[in-house]
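K.L.:
I'd like to ask you about the structure that follows.
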Amino acid sequence: MLEKTRSESLPVELKYWPVKRYMDVYRKSLDDIEDFWEQEARKLEWFRTWDKVLEWDPPFAKWFPGGLINAAYLCVDRHLKTWRRNKVAMYWEGEGGEEKTLSYSQLYREVNRLACALQKIGVRDGDRIALYLPMIPELPIAMLASARIGAIHTVVFSGFSSMALADRINDTEAKVLITADGGYRRGKTIPLKEIADQALEHTPSIEKVIVVKRTGQQVKMKEGRDLWYHEIVEDAKEDVAPLPVESTHPLYILYTSGTTGKPKGIVHSTGGYLVFINSIYQWVFDIKEDSVYWCTADVGWVTGHSSIVYAPLMHGASIVVYEGAPDYPRPDRWWEIIEKYKVTIFYTSPTAIRMFMRYGEEWPKKHDLSSLTILGSVGEPINPEAWLWYFKHIGGERCPIVDTWWQTETGGIMISPAPGIGLVPLKPGSATFPLPGIDADVVDENGNPLPPGVRGYLVIKKPWPGMLMTLYKDPERYKQTYWSRFPGVYYTGDYCMKDEDGYFWLLGRADEVLKVAGHRLGTMELESAVISHPAVAEAAVIGKPHEIKGEGIVVFAILRQGYAPSEKLKEELREFMRKTIGPVATPDEIYFVSKLPKTRSGKIMRRVLRAVVSGMPVGDFASAAAKLIGLGFQGSITPETIA
């Protein structure tokens, strides 16, 4: 049923466009990308229009230079001129069942009060602000307040450790940190202020720390530096004028893992980014005046930036923000929230879907999910089994699934079905086609387009407004990472294949980055953390397919003299990884080995190790790999034979 194009054979909600009709729209968008994106830019309100659409000095793009704009104005202020001033902007649900609702006029007031307080403590245009907060209303409020006065925010996922927080603060030289006394996760309190205090011992750029009182737990407040959030906004004025900033002014810096140990600071512009996500979220999610939009991601990731804060608020949707774990205290917590707030658009990860599959369909059956109109998937390729379960048991076989592909670097969705334009026939597991204005292709090692059915590298051939401007303080690394593999073409680092109908099938990472529960973690960053443990001399980290998380972390470690393999040491290393990077970095498996397979140049042969953990024959590498490992072993290699 899902691949048929004859609408009379489908439920009324799933009438499809013929593929040719969509491709006509798509190809027209590529004929003149500057004219195409200029028309999209005119859908936003600017304080001043641009001098030109694009300055393209490969690989650096400046979109709409000369234009003046403000993100907070577009997300909040302009709605106050309409009936939306009294519309719900945010439904917030705490893990313990607490509720808070903010209308657009109330959101305006809160954003202004914090913007005023930030100005009073010396924050100015271009200053960097670090945000280390749980999923509470103050997080999007702080992002919008920062944007209102021209400051640049960097959000740090609240599951990260003090070391990860300190690294990101130091790289941006952030002036202010906004955090909370604590947060809740599965009934436990997370001591965020305590973790932040550990980071602050190594962050000389921080002048002030603003603390949100969330849990009420006792925290240490350093006189002259630490300020309570509720106190500094209490008497703050509510009419701070939004600062018109240059279109190319950075809106935020967000760190993502890479193939080297140091995370990359992705810099996104204001004007180009906002134009891009305003358009694509309308195309993909068909947002309407009565839409209640829930993206389950954490705002600490780019999905949260674009899909929780900036895009849906620009469209005047009502967003849902949930603080807690998806299955706490019961496996139907998400379905309960959808029923409670009459969610119409639901956007989550394949990891979550697979987890709920294990709980069984009886849990969603307990709730009325009939308000849903569109389902979304993000973070990693979705397997057909999970797609079909999602379609049947959550969408009731009436909601199209928009399987979206994008990256922190792209700013927004690049490949996806687009019900807001015209829904093409869906294929479970395929992200379908690139969106208008996105010139995507699949190429071989030499950059030549590949025929259908052949796996290759996904690339983007033309600039787009949501693209990253550069890597913070590291333009050379930006060029090397994204533009050197295929000169003049953006290298995504993902494997992909097109089928006979032209549909795109994403096949995972081609570089050394793992996707664990939708979170990107660089193997080098993970290996650096393992090696920093006093017992470890050398380590290699790989990913292994995981039924729930997509990929699990597997560590191969060579121990220093004086240390012996033991289960106790494995647990110690797991806890060490949790503390060094965060809970998402907890290894599923740890193997103690005497040697690691390497090339002559000393690079670890991770493909051999992947074969090892999967129990598959190493194939053509068998004898060479065995020799490198020092076993003299022929055939399949297992973790046990290495150990």
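Every read-out reported here was derived from the displayed coordinates using simple, explicitly stated rules and does not represent laboratory data. Predicted model, so just to flag it, every value in this text is computed and none were measured. Virtual Cβ from ideal backbone geometry, glycine too; neighbours counted across all protein chains shown.
K.L.:
Taking the Cβ-Cβ separation of N170 and K52 as r and a Förster radius of 51 Å, what is the calculated FRET efficiency to the nearest 0.05?
P.N.:
For R0 = 51 Å, the calculated efficiency reads 0.90.
K.L.:
Given the -39500 (n - 2.57) contribution per DSSP H run of 4+ residues, what per-residue ellipticity at 222 nm results for the chain, rounded to the nearest 500 deg cm²/dmol?
P.N.:
When only DSSP H runs of four or more count, the value is -8000 deg cm²/dmol.
K.L.:
Using 7 Å Cα-to-Cβ label points, what is the L80/K392 separation (nm, one decimal)?
P.N.:
For the pair L80/K392, the computed spacing is 5.0 nm.
K.L.:
Dipole of the stretch 39-182, Cα-centred, from +1 at each Lys and Arg C-beta and -1 at each Asp and Glu C-beta, to the nearest 20 debye? Could you put the intermediate results ahead of the total?
P.N.:
Working: 19 positive and 18 negative charges, 162 e Å.
Magnitude of the dipole: close to 780 debye.
K.L.:
Oh, and also: Provide the percentage of antiparallel DSSP beta bridges, counting only those with both residues in the chain; round to the nearest 5.
P.N.:
So the antiparallel bridges in the chain amount to around 60 percent.
K.L.:
Can you say what percent of the DSSP beta bridges in the stretch 507-616, counting only those with both residues inside, are antiparallel? Round to 5.
P.N.:
On the way: 15 of 19 bridges.
Antiparallel bridges: around 80 percent, rounded to the nearest 5.
K.L.:
I'm spelling it out carefully: the read-out is Kirkwood radius over Cα pairs in Å, the candidates are [x] 27.6; [y] 38.4; [z] 25.6, and one was derived from this structure. Which label?
P.N.:
[z]
K.L.:
I would also like to ask the following. Which of the listed residues, I277, V211, P244, is farthest toward the dipole's positive end in the stretch 182-294, when Lys, Arg count +1 and Asp, Glu count -1 at the beta-carbon?
P.N.:
Sorting the options by dipole projection puts first V211.
K.L.:
Return the loop-located GluC sites (Glu not before Pro) in the stretch 291-387 (DSSP other than H, G, I, E, B) with at most 16 other Cβ atoms within 10 Å of their own Cβ; answer none if there are none. Walk me through the numbers before you get to the answer.
P.N.:
On the way: sites: E323, E336, E339, E361, E362, E385; in loops: E323, E361.
Here the GluC sites (Glu not before Pro) that fit, given the DSSP loop and packing criteria, are E361.
K.L.:
Return V275, V613, V88 ranked ascending by Cβ neighbour count within 10 Å, so the fewest neighbours appear first.
P.N.:
V88, V613, V275
K.L.:
Let me ask you something else. Dipole size in debye (nearest 20) for the chain around its Cα centre, Lys and Arg Cβ +1, Asp and Glu Cβ -1?
P.N.:
Approximately 480 debye in magnitude.
K.L.:
Can you list the trypsin sites (Lys or Arg not before Pro) in the stretch 142-213 that are in a DSSP coil and have 16 or fewer other beta carbons within 10 angstrom?
P.N.:
Listed in order of number, the matching sites are R186, K213.
K.L.:
Could I ask something else about it? Along the Cα→Cβ direction, 7 angstrom out, place labels at R455 and R610. What is the inter-label distance in nm?
P.N.:
For the pair R455/R610, the computed spacing is 0.7 nm.
K.L.:
Taking neighbour counts of Cβ atoms within 10 Å as a proxy for exposure, in what order, fewest first, do T189, T348 appear?
P.N.:
Working: T189 14, T348 23.
Ascending Cβ contact count within 10 Å gives the list T189, T348.
K.L.:
For R27 and K288, FRET efficiency with R0 = 30 Å and r from the beta-carbon atoms, rounded to 0.05?
P.N.:
The formula returns an efficiency of 0.60 here.
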